[in-house]
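Encoded as structure tokens, the structure appears first; notes follow it.
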Amino acid sequence: RLPRSDASHSGELGVQTIGVIGAGLMGNGIAHVAAASGYKVILSDVSSDRTEAAKATIAKNLARGLTKGTIDEATIAAILARITLTTDTAAFVAADLVIEAATENEAIKVKIFAELSPKLRAETLLATNTSSISITRLAAATDRPDRFTGLHFFNPVPVMQLIEIIPGLATSAETTAAMHRFVAALGKTGIESEDRPAFIVNRILCPMLNEAIFALGDGLGSVVDIDMGMKLGANHPMGPLALADFVGLDTLFSILQVMQATTGDSKYRPAPLLVKYVEAGWLGRKSGRGFYDYS
Ligand code: CAA
Ligand code: NAD
């Protein structure tokens, strides 16, 4: 998809500036697509090393289009110029919508929202990119649960077409409608999910990834054969073990823990091999080692 013109976004919904909290895998992708769609973006993380690394990743991903002729240097420069970096959440006073994409840990997210809310303008909308945690509970940590939704992007954000929109118990119909318009303005397709653990896609996908890790741990087949089996036998673009590495094994582990804890259903228990890998710090692509070696 061609990025839009480099003019500032005209602002359907009155949203012109997007704040993104957390500049990891997902935060850099969300900042990328928002800026490419004409929004101004403020991107934050706990250190400037992380925000700068995220901007370098965005530049690298935008440059993929140069050889294909789908983007030119001037457009890339204009997109990057719309992204400002910060480690100070006071900067989000300028944001019309803030999307939180920090580590999948409820205590971290609650702290972020509790500290952030009083710094925002009253009309600013809030969203979380959580993969599994209760939207209603996160909304309750803010001063504006009616203006809060789940906005669940997929990895890699510039490529994946879907965004799940998850209203919490207190979310107003206006806020949900505004999120549908925002998703459309990003050129993505929105689906609505009830606020249940892991929502629609991860409810189905994560147990499959976990099952592949159980299968590996049981000695059913090798890493290569399990992945080849699902690629060629089920036409998945990536095998489940490669996809688990791609998502991040710590993130997958957290999602399964939330699913198991909140439903009480043991079918969601994380595979012992997944637990071991996370304990070893083998988190997949982001740490250089998971089921595959990326070093
Ligand atoms: N950022 C930006 N663009 C990227 C990219 C990235 N990280 N990775 C690939 N691309 C682009 C490429 O430039 C290329 O673009 P064009 O079509 O314009 O040429 C396109 O994506 C395809 O890339 P490649 O040919 O290099 O690679 P591929 O064909 O192997 O596709 C893939 C790569 C898109 C990642 C594909 O393997 C795929 O779809 N994998 C499955 C992804 C998936 O299931 N994601 C969901 C994970 S679950 C989740 O996100 C939710 C959660 O809460 C955990
Ligand atoms: P990640 O580990 O790549 O990045 C998380 C970032 O959050 C890190 O840079 C970390 O420094 C930052 N962070 C931690 N505490 C912070 C704080 N207090 N303030 C600001 N930044 C802070 O993780 P990710 O894969 O980008 O996941 C982010 C969120 O997106 C999680 O909720 C995850 O469940 C969700 N998600 C992940 C995927 C995926 O495939 N990885 C897909 C969809 C949604």
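The values are calculated or read from the model by the stated rules, or taken from the named source; none is laboratory data. Remember, it's a predicted structure, so these values are computed and weren't measured experimentally. Cβ sites come from the backbone with ideal geometry, for glycine too, and all protein chains shown count toward neighbours. Just the protein is used for accessible areas: all its heavy atoms, side chains included, with ligands, DNA and RNA removed. Shrake-Rupley method; radii C 1.70, N 1.55, O 1.52, S 1.80 Å.
For the range 68-222, the pair-distance distribution built from all alpha carbon pairs, in bins 10 Å wide starting at 0, is 10, 33, 32, 17, 7, 1 percent.
What does the C-alpha gyration tensor say about the overall shape of the range 175-236? Classify as rounded when a/c is under 1.5, otherwise prolate if a/b is larger than b/c, or oblate. Could you put the intermediate results ahead of the total?
On the way: a/c = 5.01, a/b = 2.34, b/c = 2.14.
Note, shape of the range 175-236 comes out prolate.
Using a probe of 1.4 angstrom and keeping all protein chains present, the accessible surface of the range 156-295 works out to 50 square angstrom per residue.
Peptides 114-126, 90-102 ranked from most to least packed give 90-102, 114-126, packing being the mean of other C-beta atoms within 10 angstrom over each peptide's residues. In the chain, the DSSP-assigned H stretches of four residues or longer account for a calculated mean residue ellipticity at 222 nm of -14000 deg cm²/dmol, using -39500 (n - 2.57) per stretch and the full residue count as denominator. Between the helical axis of 25-36 and the dominant principal axis of the chain, each derived from Cα atoms, what acute angle in degrees is found, rounded to the nearest 10? The helix 25-36 is inclined about 40 degrees to the chain.
Put simply, when 180-189, 17-26 are sorted by average Cβ atoms within 10 angstrom per residue, most first, you get 17-26, 180-189.
Using just the Cα positions, wrap the chain in a convex hull and report its mean projected area in square nanometres, one decimal place. Spell out each step's value before the answer.
Numbers: hull surface 60.6 nm².
Spelled out: convex hull of the Cα atoms, projected over all directions, averaged, 15.2 nm².
Normalised radius of gyration for the range 137-274, please: alpha carbon Rg relative to 2.2 N^0.38 Å, two decimal places. Could you put the intermediate results ahead of the total?
Values: Rg = 17.0 Å, N = 138, 2.2 N^0.38 = 14.3 Å.
The range 137-274 yields a ratio of 1.19.
Take the range 20-154 with all the other protein chains still there, run a 1.4 Å probe, and you get 38 Å² of accessible area per residue.
Along its principal axes, the range 9-133 has C-alpha extents of 44, 29, 26 angstrom, given from the largest down. Residue separation of Lys68 and Ser47 scaled by 0.36 nm, minus their Cα-Cα distance, works out to 4.2 nm of gained length.
Rounded to a whole number, what % of the accessible area of the chain do carbon and sulfur atoms account for, probe 1.4 Å?
Numbers: 7440 of 13350 Å².
In the chain, the share of accessible area belonging to carbon and sulfur is 56 percent.
Relative to the longest principal axis of the Cα atoms of the chain, helix 106-116 runs at roughly 10 degrees. What angle do you read, to the nearest 10 degrees and between 0 and 90, between the alpha-carbon axis of helix 48-68 and the longest principal axis of the chain? That helix lies at roughly 90 degrees to the long axis. Fully extending the segment from Val224 to Glu106, taken as 0.36 nm per residue of separation minus the present Cα-Cα distance, adds 39.1 nm.
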